[in-house]
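*Asks:* Handing you a structure now.
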Amino acid sequence: MDKLLQSKKYILFFVAPAFLVFAVFGLFPIIYNFVLSLYRTDLMSEGTFVGLKNYSNLLKDKIFIGSVKNNLLMVAGSLLAHLPIALLLASIIFNKVKGSRFFQSIFFLPSVVCGVAVGLTWSFIYNSEFGMVNAILDFLNLPGLKHQWLSDEKTVIFAIIIVVMWQYVGYHMVIQLAAMKNIDPTLYEAASIDGASKWRQFKDITLPLIKPILKVDAILIITGSLKYFDLIFVMTGGGPNHASEVLSTYMYYQGFRTMKYGYASAIGNILLLLCAIAILTCNLIFGKKKEED
Amino acid sequence: MRAKKLLAVVTALLVTAAMLSGCGGSGGNGDGSTKDSAGSKDKVQMTAMFLGSTQDQAVVDIIQDVTDKFNAENEFGVEFKFETYENEQYKTKLTTVMASNSAPDVFFTWSAGYLQPFVEGGKVYEIGQLLDQDSEWKERFNEGVFGPVTYDGKIYAVPHGQTLGVMFYNTRLFEENNVGVPETFDELLAACNTFKENGITPISVPSKDAWIPGQLLQQVANGIGGMDLFEGTVDGSKKWNDDGYVEAGKQLIQLVEAGAFPDGYLGMTNDEGRDLFIKEKAAMYYMGSWDIGLLSDESAPVSKSVGVFNIPPTDSSSGNVAIGDVDQCLAISANTQNTEAAAAYIKMFSDVEAQEAYAYNADYLLSTKTELDESKLNPLFVEITKLQQELTGVTPWLDRVFGAGEGVEFNNAAQAIIAGKDAGVHMDAIQQFAEDNADR
Amino acid sequence: MKDIIKVTLGGAKYIILMFFTVLFLYPIFWLFLNSFKSGTELFETPWSLPGTLDLSNYVRAIQVGEIGRYFLNSVIVAIAVVFFATLLSAMAAYGLTRLKWKLSKLVLSIFLLGMMIPTHATIVPLFSFFNKMKLINTYAAVIIPHVVFAIPISILILSGFFSSIPKEMEEAAIMDGCSIPKTFFQIICPMAMPSIVTVSVITFITAWNDLLFPQIFLSDPKMMTLPVGLTAFQGRYSTDYVGMIAAVVITIIPSIIVYSILHEKIIDGMTAGAVKG
């Protein structure tokens, strides 16, 4: 039987299609980018080899450093917002509330609304004159807290983090809820009989058993925050004055606008490096899957 | 069982979508942009790419008419197929096709710094050669319009329109508040104070898009350093943190402190800002001449009392300079198979019919000597043309001259200054960026 | 005393849920209200009820904006991406975790590398490539990149699930005379429904919302997807905000309907795994 499982024919049959597609259309561009980042080129004429100069230039580039900062803020903000809130909502719904189906649909809805539309709506909500946010602050008698949310360099990235949260918390909630529903209900029955409180059940049964999915979800959130593009491009274009610039928008700008493709590739590679670090960190914190069993 | 249900849902989804798309297909102009005429099998296909979305219908109509006419009448056996894209998408698309050597035969371009990288990359055909061979074609154009599309003494694109930056003002509000058209910058400042005291927003400058404060800063700089400052910036003899620009920045801040701009101007979009002027809530509005149509539309309250003037200089020795540029430039890509057919196609855009359409329908000032019937023209159009003739100099928008990079950074700096930040610091930042970017 | 706490906690749950419901729904409700307004009405009174129930924005969105066509294109692309990505990933995940070969760990790591790829960095090389293969302006040009980017995360989730299935399953099937592929498709996959559905949802959302690939790889406006179609409401100097809003509302409604229907399927699919043998 083992012989069957080792058969080369089957291994190729199962793995080759995905691997081929991935290698040709995924790996090749990455290698191309690595090579490109060592050049200075606009891709129209001969480029010049500059070695690691693009990277050393990046370290001196204030806009780049600002972008990294913004990305890190987004990662932190997203993790702090999405995971706990999604977990909270998922666990409430999991513990059987009336109308759970209704709530699930509503919470998931924002993630199917396109980034362009989300950007448009929230631009109006954040408007300093007639927007909802400032109107609510007025209502709560806190006019001092009013800001020009998307035009103030200090508040813009935080304003954007909240919009991302609005769009994707429900999506993460659905993922975690699915994991929760996978847990054998008899475990809960046994625990109830033993007199464990709901909180205890959550801590000792639910959390450990959905840990693998939480790890995946964390990876999704972090890599998503690092690569995030659409909403920022539509809402602020990286502005005002690069205050909401993130790595992906800056890479886009240096590539497709100033046509410094070598420099843009270098930015892309730094992004890749950050994603790698994030994934490794997640593995460390959440523990590797193999050790679980 | 489950599979069946899933299938049912997916089918329902597709049917709904198909129904909705069915409603659109026949009525809309979806077929418009990629029209094939009968007997197209024998003709050679050539491609063109233009800027324009359903919001720019007047221009798209011109393109459609020219293309139809060319396809029907040309002797090259060629048929043009064109595509139009929205602003941001267009820039990305053109850059991508240039980088991968698959540019269309004919394409729309902005002038100066936008086209320059493509020219230097060898991707643009030197259309000047064909212009020289066809003197009838070249003679159509006004003097000087080829300047912004000439590189190293050679012409690489053909401009079909012009635009000018002007200060639109509400003649009725000016009269009612006893304000005259300002002739110096100080008078402008005083006018702002008067309006402010009487509860009217002086100038509508919606600053969400950085290019809008950018053009204002540039015009104020024009009034300080004139053509000298501009030309010096272009040839590199003057830096971005030149006194002229820093001074201009400080004057912009003077306007901010005088309360010249509407509440919430920093986050205001272009459309909102225009709306403010249209509803007569703002006395002045600094914008390009392309807005004539919207401002003089019958439904606009302001349409009965719109006038124009050029923002006056601070230092009269700088002359009467305004921001202006050529527009609707078309170029031929270097890898085209048939330069003559492409040139003939482009030539039709400066035919009388097309030029008239640009003027009457799309509100572009002309780059050609075409005679226009004043009675068919928007009165504002006539006023702006007169204004243009009184100018001593014209400076294209800096973000066009310098393209992405410094051009965009200039706009960003202007946006920061109009938000009250230090002018010197931000002009220094542009200079720093320019130096860094040269090395990347 | 305990009862009071119970009731309060129960009430608190609902308050939290209602709070988030309002938070999530309000902007969408706002879109719906404003789809009936004219452009200037939008700027003057963005938060009030519309003056009249004017449907002209919708007419414009459908006819001029061709929202129906863009919606259809988005659906075609998203469904194709989900189908291919899920199929290929499930097969690969199975091959990597259940079949025995030396390089399996290495290959798995290579796949996971894909999660770090910044998608926009691949545009230029992919464009060149597709151009040479004459694939530009075909659905394939948009489907392939999305499949590629969906594979790593899908394999991660699915391989997690597959490694937890007891080996006895396959042994039993093979004893009964099933070939490995047959075992995979008819026994393992149905068991993996929860993970497969999760993976499909993730893939679908990413493909549905993407703006950049369709924008660059498609040139025929008839093939553009929804996000691109929405940007077309932006002109060179003015934007048709209310038209865009009407277009968005049109596309949200089917999404809501489909999600409500599929939603039962998703939950059923997910709970099926709860009673594992």
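The values are calculated or read from the model by the stated rules, or taken from the named source; none is laboratory data. Everything numeric here is computed off the predicted structure, so don't read it as measured data. Using ideal geometry, Cβ is built from the backbone for each residue, glycine included, and neighbour counts are taken over all protein chains shown.
*Asks:* Can you go through C:PHE29, C:PHE20, C:PHE36, C:PHE24 and tell me which one is in a helix (DSSP H, G or I) and either in the same structural domain as C:PRO254 (by TED's automatic domain parsing) or touching a Pro at 6+ places or on another chain (Cβ under 6 Å) (or both)? Give the derivation first.
*Replies:* On the way: C:PHE29 fails: either in the same structural domain as C:PRO254 (by TED's automatic domain parsing) or touching a Pro at 6+ places or on another chain (Cβ under 6 Å) (or both); C:PHE20 fails: either in the same structural domain as C:PRO254 (by TED's automatic domain parsing) or touching a Pro at 6+ places or on another chain (Cβ under 6 Å) (or both); C:PHE36 fails: in a helix (DSSP H, G or I).
Just a single option satisfies the conditions, and that option is C:PHE24.
*Asks:* Continuing with the same structure: Looking at (1) at pLDDT 75 or above; (2) within 7 Å of another protein chain (Cβ to nearest Cβ), find the lone condition where C:ILE256 falls short.
*Replies:* Failing condition for C:ILE256: (1).
*Asks:* Just to verify a result, which residue in the stretch C:29-46, among those that are facing another protein chain (nearest Cβ under 7 Å) and closer than 19 Å to A:ASN134 by Cα, is surrounded by the fewest Cβ atoms within 10 Å (Cβ to Cβ)?
*Replies:* Result: C:TRP30.
*Asks:* Write out, first by first residue and then by second, each pair whose Cβ atoms fall under 9 Å of each other, whose residues are 6+ apart or on separate chains, and whose first residue, in the stretch A:173-190, is farther than 23 Å from A:SER105 by Cβ while the second is in a helix (DSSP H, G or I) and among the small types (Gly, Ala, Ser).
*Replies:* These pairs meet every condition: A:ASP184/C:ALA274; A:PRO185/C:ALA274.
*Asks:* Residue pairs, Cβ under 6 Å, 6 or more apart or interchain, first in the stretch C:205-228 and within 7 Å of another protein chain (Cβ to nearest Cβ) and crowded, with 22+ Cβ neighbours inside 10 Å, second aliphatic (A, V, I, L, M) and assigned to a helix (DSSP H, G or I). List them.
*Replies:* Note: pairs meeting the criteria are C:TRP208/C:ALA78; C:GLN215/C:VAL228; C:ILE216/C:ILE123; C:PRO227/A:VAL116.
*Asks:* Suppose we filter C:SER74, C:SER154 for residues that are crowded, with 23+ Cβ neighbours inside 10 Å, hydroxyl-bearing (Ser, Thr, Tyr) and closer than 29 Å to B:LEU94 by Cα; which single one remains?
*Replies:* C:SER74
*Asks:* Moving on to the next point. Can you list the helices (runs of 4 or more DSSP H) found entirely within the stretch B:371-437 that contain at least 1 residues being within 14 Å of chain A (Cβ to nearest Cβ), out of contact with any strand residue (DSSP E or B) (no Cβ under 7 Å at 6 or more places or on another chain) and among the small types (Gly, Ala, Ser)?
*Replies:* Per the criteria, B:406-418, B:423-437.
*Asks:* Something else: Would you mind listing the helices (runs of 4 or more DSSP H) fully within the stretch C:92-162 where at least 3 residues are more than 20 Å from A:ASN33 (Cα to Cα) and within 7 Å of chain A (Cβ to nearest Cβ)?
*Replies:* C:139-162
*Asks:* Which of the numbered conditions does C:PHE84 fail, given that it passes all the others? Conditions: (1) among the aromatic types (Phe, Trp, Tyr); (2) modelled with pLDDT of 85 or more; (3) surrounded by fewer than 20 Cβ atoms within 10 Å (Cβ to Cβ).
*Replies:* So C:PHE84 meets the others, but not (3).
*Asks:* Are there helices (runs of 4 or more DSSP H) fully within the stretch B:277-368 with at least 1 residues that are surrounded by fewer than 22 Cβ atoms within 10 Å (Cβ to Cβ) and without any contact (Cβ under 8 Å) to a residue 40 or more places away in the chain? List them.
*Replies:* B:292-296, B:352-360
*Asks:* Of the residues A:VAL35, A:VAL24, which single one is at pLDDT 90 or above, farther than 14 Å from A:SER265 by Cα and within 33 Å of the chain's Cα centre (by Cα)?
*Replies:* Residue meeting the stated conditions: A:VAL24.
*Asks:* Also: Can you find a residue that is outside the structural domain of C:TRP30 (by TED's automatic domain parsing) and either basic (Lys, Arg) or within 30 Å of C:VAL124 (Cβ to Cβ) (or both) anywhere in the stretch C:176-186?
*Replies:* yes
*Asks:* On to the next question. Residues of the stretch B:237-262 being charged (D, E, K, R) and not in a helix (DSSP H, G or I), which ones?
*Replies:* Within the stretch B:237-262, B:LYS238, B:LYS239, B:ASP242 qualify.
*Asks:* Only residues in the stretch B:154-176 that are closer than 15 Å to B:PHE195 by Cα count as the first member; pair them with residues that are among the polar types (S, T, N, Q) and not in a strand (DSSP E or B), Cβ under 6 angstrom, at least 6 apart or cross-chain, and list the lot.
*Replies:* From residues that are closer than 15 Å to B:PHE195 by Cα, the pairs are B:ASN170/B:SER305; B:THR171/B:SER305; B:ARG172/B:SER305.
*Asks:* For the stretch C:87-109, name all the residues that are at pLDDT 85 or above and either within 30 Å of B:GLN55 (Cβ to Cβ) or among the basic types (Lys, Arg) (or both).
*Replies:* Matches in the stretch C:87-109: none.
*Asks:* Filter the stretch A:125-136 down to the residues that are over 24 Å from the mean Cα position of the chain (by Cα) and in a helix (DSSP H, G or I) and list them by number.
*Replies:* A:MET132, A:VAL133, A:ASN134, A:ALA135, A:ILE136
*Asks:* Counting only residues that are at the interface with chain A (Cβ under 10 Å from one of its Cβ atoms), touching a Phe, Trp or Tyr at 6+ places or on another chain (Cβ under 8 Å), at pLDDT 80 or above and closer than 22 Å to A:ILE210 by Cβ, how many does the stretch C:173-200 have?
*Replies:* So the answer is 1.
*Asks:* Which one is nearest to the other protein chains (Cβ to nearest Cβ), of the residues in the stretch B:231-276 that are surrounded by fewer than 18 Cβ atoms within 10 Å (Cβ to Cβ) and within 21 Å of the chain's Cα centre (by Cα)?
*Replies:* Checked the stretch B:231-276; the qualifying residue nearest to the other protein chains (Cβ to nearest Cβ) is B:VAL234.
*Asks:* Now a separate question. Is it the case that the stretch A:81-99 has a residue that's within 14 Å of chain B (Cβ to nearest Cβ) and either in a helix (DSSP H, G or I) or acidic (Asp, Glu) (or both)?
*Replies:* No - not one qualifying residue is present in the stretch A:81-99.
*Asks:* Restricting attention to the stretch A:41-58, does a residue exist that is basic (Lys, Arg) and more than 30 Å from C:VAL75 (Cβ to Cβ)? Steps first, please.
*Replies:* Taking the stretch A:41-58 first, the residues basic (Lys, Arg) are A:53.
Now drop any that are not more than 30 Å from C:VAL75 (Cβ to Cβ), which leaves A:53.
Yes, the stretch A:41-58 contains a residue that is basic (Lys, Arg) and more than 30 Å from C:VAL75 (Cβ to Cβ).
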